[in-house]
Amino acid sequence: MRYLVLIAALAMPLISWLSQREVFGPDNATLSARYPTLLIAAGYAFAVWGLLFALDVVFGAWQAFWRRKPRGPDSFDRVRVLAAAGFALTAAWMIVFSMQLFWVALLVIWGALACLVGATFALERNELSSTDYWLARVPLSMHAGWLSLAAFLNTAQVIVAFRLLSTTQMLGWTLVLWLAAAVLLVAVQLRLRGNAFYAATALWGLIGVYVQQSRSSLEGAPISAWVAAGLGCALLALTAYLIVGRRRRDDNTAMMPR
């Protein structure tokens, strides 16, 4: 399994490179432009994939040659299985989205999100050294954070592509998606007790949405932009509160007599 994780991690940047050359069909930017929504982020925001792929490859190589036994109630094999599945589904999404198999792409990206969030949860139950912390927790958390927003962006595009709801009066159903995104982000962050890396990529995406919607001519775009900004501020405040609270509890525990 350890080598399967590495192979899946390497597959993502390779398939991304092929996708950008339209090997499987139109690239993501082209398709996104065809189906504008009130949740789409500015183009530059998607450059974060390059960082995520690099970190995932580092994680894949680290765990493939890691020989120390993890400490914790869960086996690290669970982290590996979920990470491999998440990486493989992320790679598959790039293919099926380019092929315009939008319903399949929607199922795939939500599956990838579930796997990466699950891997991050499982990782929290293992005790890691300082080095292991950076090589394992950071890549998985950041990938999960980005997908936590990207899944809703993809959902909005499917709604527009198939005209499941109004494509001229999009604000109403967009606000419902924003509410669902807020619930997911808060729930995961509470479960992770304040993961700055998870929040970082989600915030990056929210800023990208704010920038894009601030200059969009679509009806309701300014409101969606401010919702993105508000959610970003709320997530930042929650993350800071949880981190401070966790550190205080750790300090109090360390000061207790043994």
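Where a number appears in this text, it was derived from the coordinates with a stated rule and is not lab data. None of these values were measured; they are calculated from a predicted model. No Cβ is skipped: glycine too gets one built from the backbone with ideal geometry, and neighbour counts run over all protein chains shown.
Taking residues in region 91-115 that are at positive phi, and partners anywhere that are surrounded by fewer than 18 Cβ atoms within 10 Å (Cβ to Cβ) and in a loop (DSSP other than H, G, I, E, B), the pairs with Cβ atoms closer than 7 Å and at least 6 places apart or on different chains are Gln100/Gly25. Scanning region 1-26 for residues that are at positive phi and either under 18 Å from the mean Cα position of the chain (by Cα) or among the basic types (Lys, Arg) (or both) yields a total of 0.
Reported count of residues in region 26-53, each being crowded, with 16+ Cβ neighbours inside 10 Å and of a type outside the set (A, V, I, L, M), is 10.
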